[in-house]
């Protein structure tokens, strides 16, 4: 046996002989003859772990975590072979490099398995213990079930047209997961390695969580909770949070590959307005360009893009256009992106030193070298003409990068990139290292370009491929999905895992990109998508049309109703978007995110999720089936969103139904409710948490339209009753300098049924569109009496919905409304 290692087939297991444990700033270093390890606390709950196979650590650089964050150091107290922070205890076995992290009470958060780190040439494997009660989420929009336990996955961005429900890899590489159910609570692990990394959640060995990569640094972060929400927020602190999107990005969006002419585009807009389907965006796919060349326009099909933008704008509709990253190789043809790129040496090189050329949509193409800051700046500047036309946002597709006529669907691994940013020393790197971050750097160049060209406007970019931290630059979608019931269900699970992985804004092509949905499938997909972060109806060439009206008036009516409901909920959705920008909390969340006990509910919750924790959507776990299914609602009381009435369901562990959400006690407070739902084509079960104050607005046809009438505040009495209002102008950066409105509203219920609603004084200087508010109190049995600051107000009782409505003047300075029974 070689000193310091155990020999295993094709690999060696690191075990430094005579290792020394030395305190360093924020942590410890363990250094032996042949390997070294550093563990430092960036914050009391976030650890960075680096392992050097030869005792020499690689450069301290990252595409995902900025240099200032990497420099953070928490106060630590040295201990035997480790240290402690105010939240954690860390111990490293100096013989094996085994890492154990516990909370201050000694409960294990994460611990290494036997043979914790092994090297195989340039590759490495890490092994963590996997308790039987633990479950795993994240990794972006990988296919398969929401829970990753029992699966294995590869991170390699892949053009995966028509992927199946078990296809792996697909478009994104986000090497971050969240573990739940362990003794020490939830934790997250981010493996910051851009190579072709892999994760095995007990697939090969049912008590070992293994991960590794064929090359690159052993550099990972452990993020302690103890709650899932705290882990996700801290991951956002580490890799960055999504910027606040323009409000129109939350509206309904209509797309197809492709709307072929300006005439067709106008006709689609006209039909959307004729059918009264609220809409904010129409998308143009690659056929808007001249011969599919980025940064061009087909002037025969679209003779006046600026005029088209203006015309759509009069209807409250914005235009988003696709710009793929490949640049047509078109010398001596007056094609400025190619000419200026060649002049600046902006393109990726082949292994022989020549510019790399490969076929994509425009034919032979070249590819910007996005790992260079100068190239990103050049590329971002190419959007000036589109900005001048008034195009609202940019769609970056094909950026895995996708290459035609090659079995790998991408660049050769020996393609050469040049790196000169993000803390990396200037050097060349092969595509094997850069591949997984290439799409993210494409979106970074686009986002930074739009922000530079329109510094007072928020930038909107959508991407297909990305890496950890890519949420700072773009929203995303799940790629070329399929028109099937399986893919409808898969889309929910993909969007939930994207939210846990930092991408709060995500979409799946409504109806499925390939194949063509049945009428019922498209209608049900509309119902699902109305409660997801980004709502885009998109379909492929040579497939049936999928616009809302294609299946006749009955289906159109249902689809329109759900789009309308989204617009009525816009104040709530936009508030969640702003909360995400501040905290990192996803907009769309698995139920256990806010209700940990839901993880052990008896119902199949594979199609259940919440918007912001307050609205719970309980989709059919077998969406293709008409068979009845159970819905489990977490403890605390719920209202049916559609009727406004308290939910009556069987208390798990109790002996009868709950009659009132606001007055529930005992078992109703501590146990979940179970309901039986019979599927209907026109119904998506949605529930409101008791204790919610939910803002809604009058219906509009786009976010550019000012709602007419009061802002509605629906008060659903219950425990911890509160809600928040957030507004700004919806598009500019003015909110960053105080041009916003934020107001907290709370309520409490007395034993006699009296509801007291308190408006806190408003923050910010933004003047809202409303001058009055209508407060609608639910779970009422008669009109009662309403007073504002002691003055009697008119109250309207609706026996059908069991509500009392009171219309008040706006309350910018605060106030108190009391509604008695």
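What's the number of the only condition in (1) touching a residue at least 24 places away in the same chain (Cβ under 8 Å); (2) within 29 Å of the chain's Cα centre (by Cα) that residue 82 fails to meet?
(2)
Name every residue in segment 393-433 that is surrounded by 17 or more Cβ atoms within 10 Å (Cβ to Cβ) and in contact with a helix residue (DSSP H, G or I) (Cβ under 7 Å, 6 or more places away or on another chain), in order of residue number.
394, 396, 399, 400, 401, 410, 411, 415, 417, 421
Can you tell me which residues in segment 364-382 are exposed (fewer than 15 other Cβ atoms within 10 Å of the Cβ) and either within 22 Å of residue 291 (Cβ to Cβ) or free of Cβ contacts under 8 Å to residues at least 40 places away in the same chain (or both)?
Scanning segment 364-382 gives a single hit, 364.
One line per residue, one yes/no per condition, for (1) at positive phi; (2) within 37 Å of the chain's Cα centre (by Cα); (3) not assigned by TED's automatic domain parsing to the domain that holds residue 727:
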site: 771; (1), (2), (3): no, yes, no
site: 785; (1), (2), (3): no, no, no
site: 790; (1), (2), (3): yes, no, no
site: 795; (1), (2), (3): no, no, no
site: 800; (1), (2), (3): no, no, no
site: 813; (1), (2), (3): no, yes, no
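This table checks each residue for (1) within 21 Å of residue 570 (Cα to Cα); (2) free of Cβ contacts under 8 Å to residues at least 40 places away in the same chain.
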{"residue": "490", "(1), (2)": "no, no"}
{"residue": "497", "(1), (2)": "no, no"}
{"residue": "510", "(1), (2)": "yes, yes"}
{"residue": "519", "(1), (2)": "no, yes"}
{"residue": "522", "(1), (2)": "no, yes"}
{"residue": "528", "(1), (2)": "yes, no"}
{"residue": "533", "(1), (2)": "yes, no"}
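Exactly one condition in (1) crowded, with 20+ Cβ neighbours inside 10 Å; (2) assigned to a helix (DSSP H, G or I); (3) not assigned by TED's automatic domain parsing to the domain that holds residue 524 is not met by residue 577; state its number.
In the conditions (1) crowded, with 20+ Cβ neighbours inside 10 Å; (2) assigned to a helix (DSSP H, G or I); (3) not assigned by TED's automatic domain parsing to the domain that holds residue 524, residue 577 misses (3) alone.
Can you tell me which residue is nearest to the chain's Cα centre (by Cα) among those in segment 383-392 that are in a loop (DSSP other than H, G, I, E, B) and surrounded by 20 or more Cβ atoms within 10 Å (Cβ to Cβ)? Let's see the steps before the verdict.
Narrowing segment 383-392 to residues in a loop (DSSP other than H, G, I, E, B): 383, 390-392.
In the following step, the residues that additionally are surrounded by 20 or more Cβ atoms within 10 Å (Cβ to Cβ) were identified as 383, 391-392.
Details: 383: 26, 391: 24, 392: 21 Å.
Result: 392.
Give segment 226-263 a look and list any residue that's free of Cβ contacts under 8 Å to residues at least 40 places away in the same chain and in a helix (DSSP H, G or I), or say none. Break it down into steps so the answer makes sense when it comes.
Initially, segment 226-263 is screened for residues free of Cβ contacts under 8 Å to residues at least 40 places away in the same chain, giving 259, 263.
263 - this is the single residue of segment 226-263 that is free of Cβ contacts under 8 Å to residues at least 40 places away in the same chain and in a helix (DSSP H, G or I).
Could you name every one of the strands (runs of 3 or more DSSP E) located completely within segment 771-821 that has at least 3 residues being touching a residue at least 60 places away in the same chain (Cβ under 8 Å) and more than 19 Å from residue 725 (Cα to Cα)? Give the steps one after another, and end with the answer.
Working: elements: 772-778, 785-788, 791-793, 796-798, 803-809, 815-820.
Output list reads 815-820.
Of the numbered conditions (1) closer than 21 Å to residue 247 by Cβ; (2) in contact (Cβ under 8 Å) with a residue 40 or more places away in the chain, residue 741 fails exactly one; give the number of that condition.
(2)
Of all the strands (runs of 3 or more DSSP E) wholly in segment 27-108, which have at least 3 residues that are assigned by TED's automatic domain parsing to the domain that holds residue 220 and in contact with a strand residue (DSSP E or B) (Cβ under 6 Å, 6 or more places away or on another chain)?
On the way: elements: 27-31, 36-43, 46-52, 77-79, 82-84, 88-92, 99-103.
By residue number, 27-31, 36-43, 46-52, 82-84, 88-92, 99-103.
Among the residues of segment 161-190, count how many are in a loop (DSSP other than H, G, I, E, B), touching a helix residue (DSSP H, G or I) at 6+ places or on another chain (Cβ under 7 Å) and buried (at least 24 other Cβ atoms within 10 Å of the Cβ).
Number satisfying all stated conditions: 1.
How many of the residues in segment 608-636 are part of a loop (DSSP other than H, G, I, E, B), in contact with a strand residue (DSSP E or B) (Cβ under 9 Å, 6 or more places away or on another chain) and either at pLDDT below 95 or within 28 Å of residue 250 (Cβ to Cβ) (or both)?
Initially, segment 608-636 is screened for residues part of a loop (DSSP other than H, G, I, E, B), giving 612-614, 619-628, 634-636.
Within this subset, residues satisfying the condition of being in contact with a strand residue (DSSP E or B) (Cβ under 9 Å, 6 or more places away or on another chain) are 612-614, 619-622, 628, 634-636.
Now restrict to residues that are either at pLDDT below 95 or within 28 Å of residue 250 (Cβ to Cβ) (or both): 612-614, 619-621, 634, 636.
The qualifying residues number 8.
Has segment 112-125 got any residue that is within 30 Å of residue 85 (Cα to Cα), touching a helix residue (DSSP H, G or I) at 6+ places or on another chain (Cβ under 8 Å) and buried (at least 23 other Cβ atoms within 10 Å of the Cβ)?
no
I'm told residue 691 meets every condition in (1) surrounded by 20 or more Cβ atoms within 10 Å (Cβ to Cβ); (2) modelled with pLDDT of 95 or more; (3) on the phi < 0 side of the Ramachandran plot; (4) under 28 Å from the mean Cα position of the chain (by Cα) except one. Can you identify the failing condition by its number?
The one condition residue 691 does not meet is (3).
The values are calculated or read from the model by the stated rules, or taken from the named source; none is laboratory data. As the structure is a computational prediction, the values presented were derived from the model and not from experiment. Cβ: placed from backbone, ideal geometry, glycine included. Neighbour counts: every protein chain shown.
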